[in-house]
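The values are calculated or read from the model by the stated rules, or taken from the named source; none is laboratory data. In this text, all values refer to a predicted model and were calculated from it rather than measured experimentally. No Cβ is skipped: glycine too gets one built from the backbone with ideal geometry, and neighbour counts run over all protein chains shown. Calculation scope for accessible area: heavy atoms of the full protein, side chains included, ligands and nucleic acids excluded. Shrake-Rupley method; radii C 1.70, N 1.55, O 1.52, S 1.80 Å.
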Amino acid sequence: AKGDKRFKDEDWEQHFLFDFVKQSYLIAARHIHDTVSGAEGLDESTQQKVNFFTRQYIDALSPSNFALTNPEVFRETVKSHGQNLIKGLNNLLHDVSDDGQLRIRMTDTSAFEMGKNVATTPGKVVFQTDMMQLLQYTPSTPDALKRPLLIVPPWINKFYILDLREKNSYIKWCVDQGHTVFVISWVNPDERLAEKSFDSYLLEGTMAAVDAIVEQTGAKEINAAGYCLGGTLLSIAAAAMAGEGDDRLASLTLLAAQVDFTEPGELALFIDPSQLHFLESMMWNRGYLSADQMAGAFQLLRSNDLIWSRMVHDYLMGERTAMNDLMAWNADLTRMPERMHSQYLRQLFLNDSLSEGHYRVGDRPVALLDIGTPIFSVATLTDHVAPWRSVHKLHYLTQTEIHFVLTSSGHNAGIVSEPGRPRRRYQSLTRSAGGKYVSPDEWLQAAPQHEGSWWPEWVSWLQARSGEPAHPPRMGAASRGFKALCDAPGEYVMEK
């Protein structure tokens, strides 16, 4: 296929032997895949699993993964008299942990230190619960817009995906546009928090943050943005608040966030009743899902990029991946409380309770249809975690105004897509409140193309819903009797 990075070296085409090896492999791979995918008598779920694991098998056998059949590795081995293989073996031994498991090191994580060269936007922790610390960032403009902005990140990873470095920090960008920005930094749970539920993240996290911001700033309404699982949680909070007549949310921004899980992509391959029972048994023993298990599942979704290419680069070429802030963040893993993770997978992924109207907050079911707040929803074109067509289903679950954006790249790089980054483009289209439903294919045809980052378009949309500029509140809202607890990025994010 065009763009297959495994065979980018010119000798795969110009040298007859390597060209023969490559073509033989690709023909065999296609034959194996077509034969297996054409098997009859399998239900859809089983067929998808068979296809997925067949692809894993085929990818593992690629000639690019072996020293003698990879021209680049072969040349380097001859040139260095095998020193690349010796260095590669040292890299391999270094990556094998004390418990005997191989953990491919994505980057030199020691080169990145929170508060030093990542997560550097100045601010204070102004509130905390068992589940989160609430960070308020220091204003950088003379005046701030009237309505504060709350950002709800996912707790599968740490919040500073949105505050990597100054040049690509989504949080700093928001502050520099005149917003008073608050961000939730989730706790990294251990066995002590095993009984914390999904509602704990809702009530002691998002809802507690809304209460604290309103109390500390005196604002009657706030804007809120949620990323990935944080966006799902924010959608539930918005629906629950709307159902109770609570109108403190002036707008919602959902970044690569699903609310309908009927087509969640290949993550569904890891989620069925038997696998959940097995997973729950493992979590019950320790009280949480280990970070390595979560990371392994995500790596399998992009095995050529995140497993095999890394093994060739690190263990056959004997090199180490250059420093990268995004990969350093990706390696800073978090755990999942047993009860929360089980509820999340069963109620949302397996039973799709939210879109079906069966999800309950307390003793009351919540309905996305109750949300009347305007929504800015962003999906990414090559997302393996929240496929864009799945994100688009928000359109038939609510009648409110939706400004939908489809941006290039994947789940992380498509969101962390600052202005000035090359080869970025997006499509966008607004459906007015009460407007007709448009299918994903129809939307794709109708939405105009734009070059560059979607951030400026979002800022314009948000500023129109943020009120007139006013003096920025003091840090920690000291004028209202509240004190800052510590400096950003806080203590919870430091927990390993």
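Sort out which residues of region 89-107 are part of a helix (DSSP H, G or I) and either of a type in the set (A, V, I, L, M) or modelled with pLDDT of 95 or more (or both), and write them in order of number.
In the first step, residues of region 89-107 are kept if they are part of a helix (DSSP H, G or I); the result is 89-95.
Listed by number, the residues that qualify are Leu89, Leu92, Leu93.
Tell me which of these Gly265 doesn't satisfy, since it passes every other one: (1) over 25 Å from Gly357 (Cβ atoms); (2) under 17 Å from the mean Cα position of the chain (by Cα).
Unmet condition: (1).
Restricting the search to region 297-319, which residues are open to solvent by 30 Å² or more (accessible area, probe 1.4 Å), at pLDDT below 85 and more than 18 Å from Trp155 (Cβ to Cβ)?
Gln299, Leu300, Arg302, Asn304, Asp305
Determine if region 362-371 includes at least one residue that is of a type outside the set (A, V, I, L, M, F, W, C), open to solvent by less than 30 Å² (accessible area, probe 1.4 Å) and part of a loop (DSSP other than H, G, I, E, B). Even if it seems obvious, please write down each step before you answer.
At the first step, the residues of region 362-371 found to be of a type outside the set (A, V, I, L, M, F, W, C) are 362-365, 370.
Cutting the leftovers down to open to solvent by less than 30 Å² (accessible area, probe 1.4 Å) gives us none.
For region 362-371, residues of a type outside the set (A, V, I, L, M, F, W, C), open to solvent by less than 30 Å² (accessible area, probe 1.4 Å) and part of a loop (DSSP other than H, G, I, E, B): absent.
Do we find that Ala119 is buried (at least 17 other Cβ atoms within 10 Å of the Cβ), within 30 Å of His179 (Cβ to Cβ), modelled with pLDDT of 90 or more and not charged (D, E, K, R) in this structure? Full working, then the answer.
Details: buried (at least 17 other Cβ atoms within 10 Å of the Cβ): yes; within 30 Å of His179 (Cβ to Cβ): yes; modelled with pLDDT of 90 or more: yes; not charged (D, E, K, R): yes.
Spelling it out, Ala119 is indeed buried (at least 17 other Cβ atoms within 10 Å of the Cβ), within 30 Å of His179 (Cβ to Cβ), modelled with pLDDT of 90 or more and not charged (D, E, K, R).
Which numbered condition in (1) crowded, with 17+ Cβ neighbours inside 10 Å; (2) under 18 Å from Leu150 (Cα atoms); (3) of a type outside the set (D, E, K, R) is the only one that Ser390 fails?
Ser390 satisfies every listed condition except (2).
Within region 249-266, can one find any residue that is buried (at least 18 other Cβ atoms within 10 Å of the Cβ) and closer than 30 Å to Leu92 by Cβ?
Yes, that holds for at least one residue.
Take the residues in region 374-387 that are over 15 Å from Ala224 (Cβ atoms) and of a type in the set (S, T, N, Q); name whichever of them is least open to solvent (accessible area, probe 1.4 Å).
That would be Thr380.
Taking region 184-205 only, how many residues are part of a strand (DSSP E or B) and in contact (Cβ under 8 Å) with a residue 60 or more places away in the chain?
2
Among the residues of region 428-446, are any among the aromatic types (Phe, Trp, Tyr) and under 30 Å from Lys167 (Cβ atoms)? Break it down stepwise before answering.
Applying the first criterion (among the aromatic types (Phe, Trp, Tyr)) to region 428-446 yields 437, 443.
Retained after the next criterion (residues that are under 30 Å from Lys167 (Cβ atoms)): none.
Among the residues of region 428-446, not one is among the aromatic types (Phe, Trp, Tyr) and under 30 Å from Lys167 (Cβ atoms), which makes the answer no.
Of the residues that sit in region 398-445 and are over 24 Å from the mean Cα position of the chain (by Cα) and open to solvent by less than 60 Å² (accessible area, probe 1.4 Å), which one is nearest to His179 (Cα to Cα)?
The qualifying residue nearest to His179 (Cα to Cα) is Glu401.
Okay, residues lined up against (1) modelled with pLDDT under 95; (2) under 25 Å from the mean Cα position of the chain (by Cα); (3) under 30 Å from His358 (Cβ atoms):
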{"site": "Val378", "(1), (2), (3)": "no, yes, yes"}
{"site": "Lys393", "(1), (2), (3)": "no, yes, yes"}
{"site": "Gln449", "(1), (2), (3)": "no, yes, no"}
{"site": "Ser460", "(1), (2), (3)": "no, yes, no"}
{"site": "Ala478", "(1), (2), (3)": "yes, no, no"}
{"site": "Cys486", "(1), (2), (3)": "yes, no, no"}
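(1) out of contact with any strand residue (DSSP E or B) (no Cβ under 7 Å at 6 or more places or on another chain); (2) within 17 Å of Thr334 (Cβ to Cβ): which one isn't true of Ala208, the others all being true?
Result: Ala208 passes all but (2).
Would you check which residues across region 347-361 are open to solvent by 40 Å² or more (accessible area, probe 1.4 Å), assigned to a helix (DSSP H, G or I) and either closer than 26 Å to Ala297 by Cα or in contact (Cβ under 8 Å) with a residue 12 or more places away in the chain (or both) and list them? Working first, answer last.
Step one: list which residues in region 347-361 are open to solvent by 40 Å² or more (accessible area, probe 1.4 Å), which gives 347, 350-351, 356, 358, 360.
Going one step further and asking which of them are assigned to a helix (DSSP H, G or I), we end up with 347, 350, 356.
The answer is Gln347, Leu350.
Mind listing whichever residues of region 436-449 are touching a helix residue (DSSP H, G or I) at 6+ places or on another chain (Cβ under 9 Å) and under 24 Å from Ala238 (Cβ atoms)?
Tyr437, Val438, Pro440, Trp443, listed by residue number.
Only residues in region 319-346 that are in a loop (DSSP other than H, G, I, E, B) count as the first member; pair them with residues that are buried (at least 21 other Cβ atoms within 10 Å of the Cβ) and of a type in the set (D, E, K, R), Cβ under 9 angstrom, at least 6 apart or cross-chain, and list the lot.
Sorted first by the residue in region 319-346, then by its partner, the pairs are Arg320/Asp314; Thr321/Asp314; Asp332/Lys158; Leu333/Lys158; Thr334/Lys158.
On the basis of being free of Cβ contacts under 8 Å to residues at least 40 places away in the same chain, surrounded by 12 or more Cβ atoms within 10 Å (Cβ to Cβ) and hydroxyl-bearing (Ser, Thr, Tyr), does Thr46 make the cut?
Here the answer is yes, as Thr46 does meet what is asked.
Yes or no: Lys167 open to solvent by 10 Å² or more (accessible area, probe 1.4 Å), modelled with pLDDT of 95 or more and part of a helix (DSSP H, G or I)?
Against the criterion (open to solvent by 10 Å² or more (accessible area, probe 1.4 Å), modelled with pLDDT of 95 or more and part of a helix (DSSP H, G or I)), Lys167 does not qualify.
Which ranges mark the helices (runs of 4 or more DSSP H) fully within region 6-87 that have 2 or more residues being charged (D, E, K, R) and either in contact with a strand residue (DSSP E or B) (Cβ under 7 Å, 6 or more places away or on another chain) or over 23 Å from Gln299 (Cα atoms) (or both)? Explain how you work it out, then say what you get.
Working: elements: 11-14, 16-37, 44-60, 71-80.
Those helices (runs of 4 or more DSSP H) span 11-14, 16-37, 71-80.
Which ones in region 1-41 are surrounded by 11 or more Cβ atoms within 10 Å (Cβ to Cβ), touching a residue at least 60 places away in the same chain (Cβ under 8 Å) and within 15 Å of Asp59 (Cα to Cα)?
Arg6
Taking region 240-278 as the region of interest, how many residues are small (Gly, Ala, Ser), part of a helix (DSSP H, G or I) and closer than 28 Å to Ser417 by Cβ? Quick ask: steps written out before the conclusion?
Taking region 240-278 as the starting set, the residues that turn out to be small (Gly, Ala, Ser) are 240, 242-243, 245, 250-251, 256-257, 265, 268, 274.
Right, trim to part of a helix (DSSP H, G or I) and you get 240, 242-243, 265, 268, 274.
With closer than 28 Å to Ser417 by Cβ added as a condition, the list becomes 265, 268.
So the count comes out to 2.
Pairs needed: first member in region 388-403, farther than 20 Å from Trp454 by Cβ; second member anywhere, aliphatic (A, V, I, L, M) and part of a helix (DSSP H, G or I); C-beta distance under 8 Å; at least 6 residues apart or different chains.
Filtered contacts from region 388-403: Leu397/Leu368; Leu397/Leu369; Thr398/Leu368; Thr398/Leu369; Gln399/Leu369.
Pairs, please: C-beta under 6 Å, at least 6 apart or cross-chain, first residue closer than 20 Å to Leu252 by Cβ and in region 427-453, second assigned to a loop (DSSP other than H, G, I, E, B) and hydroxyl-bearing (Ser, Thr, Tyr)?
Listed by first residue and then by second, the contacts come to Ala433/Thr400.
I'd like to verify a number: residues in region 271-289 that are open to solvent by less than 60 Å² (accessible area, probe 1.4 Å) and at pLDDT 75 or above, how many?
Narrowing region 271-289 to residues open to solvent by less than 60 Å² (accessible area, probe 1.4 Å): 271-272, 276, 279-283, 287-289.
Checking the rest, the ones that are also at pLDDT 75 or above come to 271-272, 276, 279-281, 283, 287-289.
Looking only at that region, the number is 10.
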